[in-house]
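Below is one structure; the comments refer to it alone.
The values are calculated or read from the model by the stated rules, or taken from the named source; none is laboratory data. Fair warning: this is a prediction, and the values are worked out from it, not measured in the lab. Counting neighbours? That spans all protein chains shown, and the Cβs are built from the backbone with ideal geometry, glycine included.
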Amino acid sequence: MNNKFSIIGTGAWATAIANVLIDNNVQVKMYGINKQEISDINKGRNTKFFGETILTNSHLLSATNNLDEVLQFSNNIVLAVPSVALDSVTKNIKAQLNGAKINVINVAKGFDNTTGKFLSDIIEANLGDSMINLATFIGPSYAIEVFEKKLTMINVATKNEIYANFLCEIFDNHYFKLEWISNEMGAQIFAALKNVLAIGIGIIAYNNPGKNTHSAMISLGVREILKVYHVMSNDNNDMVGYELSGIGDVFLTCSSTKSRNFSFGQKIAQIGVDQSLKQEKMTIEGYDTAKILKNILESHKVYVPLLKNIVDVLFNSKDPNQILDFLNW
């Protein structure tokens, strides 16, 4: 495997990942459709997301709107596009590979909002036998903090330990570290449902500002996500809950106003669901995922009262002030 990497996307996460790689003296070529972002990256920065900060070793980085050029640059392809674009992007990649084989690193995680399938399943279906390995980066991480070189540890979820070790060797440095996890399904369930939980925790934290309550509800939420994992996977092992992609990602998303889902929950506590949706300009992943969770809870017998109440607040007109009524206090 060559040590060059191609990145599909020129957004915040694409640029943050590129910065890690070029920091490690790895050559990177990025594909994008935004002319300003492409121009910026070729000048060693991305002003839309990171201001005038110059990327480290920017001479190792270039960007283009020529997908074929990027696919020929390396067989290690990082998919760093919004989840809504993943289906069309992977189909375009497949059409241009002309029989070539690639390794794919995906940074979008969770469910496809249209089909309810895991995003990894969409990638596998669209790329098929053109894909050698698939790995997903999952864990507690904000792109801005990775870009600012703040210590970050996340999981690389893949069935292939050898490829995981290769990625660890390429990406690991003094501020960014990967840890292998083979439980792709469990990691993806946590990645998706932690956003739903964060909305509920946002509501709870606004109405009950004490840290005791906040911490207790995060703990209950992790327990309930594990229950959903158990019924979806027929695996009763709880280890995934202790991973960086488990409790680590839950804690980050459910405890910071940097989290859109947590902030959205706080807004719901103040002005309700309908008004919050009207005011929101950005996608709230947890809201879309909650629709899928609603279907999961309807088709599986599992007692998860906190997650159920979050769904009821979002879609069944439940009073946000009653989100903890299952405690029977």
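Exactly one residue out of S233, S259, S276 is under 23 Å from A143 (Cα atoms), surrounded by 13 or more Cβ atoms within 10 Å (Cβ to Cβ) and among the small types (G, A, S), and it is S259. Pull up the range 41-54, narrow it to residues that are surrounded by fewer than 22 Cβ atoms within 10 Å (Cβ to Cβ) and in contact with a strand residue (DSSP E or B) (Cβ under 8 Å, 6 or more places away or on another chain), then point me to the one that is farthest from F73 (Cα to Cα). Here the residue is G44. Restricted to the range 157-203, and to residues there that are β-branched (V, I, T) and touching a residue at least 40 places away in the same chain (Cβ under 8 Å), the residue that is surrounded by the most Cβ atoms within 10 Å (Cβ to Cβ) is I199. A count restricted to the range 101-118 and to residues that are at pLDDT below 95 and either within 22 Å of T15 (Cα to Cα) or assigned to a helix (DSSP H, G or I) (or both) stands at 3. Within the range 136-174, restricting attention to residues that are among the aromatic types (F, W, Y) and not in a loop (DSSP other than H, G, I, E, B), the residue that is farthest from Q188 (Cα to Cα) is F147. Residues in the range 145-162 that are of a type outside the set (D, E), under 18 Å from F251 (Cβ atoms) and either at pLDDT below 95 or out of contact with any Asp or Glu (no Cβ under 8 Å at 6 or more places or on another chain) (or both): V146, K150, L151. For the range 295-307, a residue qualifies if it is assigned to a helix (DSSP H, G or I) and either without any contact (Cβ under 8 Å) to a residue 12 or more places away in the chain or buried (at least 19 other Cβ atoms within 10 Å of the Cβ) (or both), and the qualifying residues are I296, E298, S299, L306, L307. Of all residues in the range 247-294, those that are in contact with a strand residue (DSSP E or B) (Cβ under 7 Å, 6 or more places away or on another chain) and polar (S, T, N, Q) total 1.
Among the residues here, F137 qualifies as under 30 Å from T47 (Cβ atoms) and crowded, with 21+ Cβ neighbours inside 10 Å. Here I132 meets the list (1) farther than 27 Å from V228 by Cβ; (2) hydrophobic (A, V, I, L, M, F, W, C); (3) part of a helix (DSSP H, G or I) almost entirely, failing just condition (3). Among the candidates G286, G246, G241, the residue that is touching a helix residue (DSSP H, G or I) at 6+ places or on another chain (Cβ under 9 Å), surrounded by 15 or more Cβ atoms within 10 Å (Cβ to Cβ), among the small types (G, A, S) and under 13 Å from I199 (Cα atoms) is uniquely G286. Criterion first (touching a Lys or Arg at 6+ places or on another chain (Cβ under 9 Å), of a type outside the set (D, E) and either assigned by TED's automatic domain parsing to the domain that holds Y242 or farther than 30 Å from I247 by Cβ (or both)) does N98 satisfy it? Here the answer is no, as N98 does not meet what is asked.
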